[in-house]
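The values are calculated or read from the model by the stated rules, or taken from the named source; none is laboratory data. On a predicted model such as this, the values are computed, not experimentally measured, just so you know. Every residue, glycine among them, receives a Cβ derived from its backbone with ideal geometry; neighbour counts consider all protein chains shown.
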């Protein structure tokens, strides 16, 4: 099975683990639980890798790899996990604009937020009718007052908050919501969105 993995420029991942192209790596721990030494993480697509890097490894200037994976043991919609992986080849890292990151965040948040004020703002932002900071701030205050973390995150339209908002929105969303938001934001099937 093919998956995608990010490494540093020195081919390292969590805790400085060193990878080598073509060399199989197997998790040493027991069990199949995510975020343990019993599994290795990977992404379903290059877009997933770029979108969720800020909340996972947060690798600066990462290298994206196509990898061979053993059977998928699970997924939380953000990342997947398996027992063994092999780096096959380096692939081009997708470039995602700030507006695309914000759009993705908004689409995730809209799937879980029912607040009228937030949804009115989100619809105007998505249509391009109004992307002003004042409207975003109002929507954010509305979301905060009702405790909707995903809505609050998506309503932060400033470029500096894009990565964090996308992460918060995604954490609140299911795999189905995330994949739908990716398809709508990037206009296509996830499998066809490896490179643009």
field: Count of the range 86-123 residues which are surrounded by fewer than 16 Cβ atoms within 10 Å (Cβ to Cβ) and part of a helix (DSSP H, G or I)
entry: 5
query: In this structure, does residue 75 turn out to be at pLDDT below 95 and over 20 Å from residue 101 (Cα atoms)?
result: yes
message: If I filter the range 19-41 for residues that are in a loop (DSSP other than H, G, I, E, B), under 30 Å from residue 121 (Cβ atoms) and out of contact with any strand residue (DSSP E or B) (no Cβ under 6 Å at 6 or more places or on another chain), do I get at least one hit?
response: no
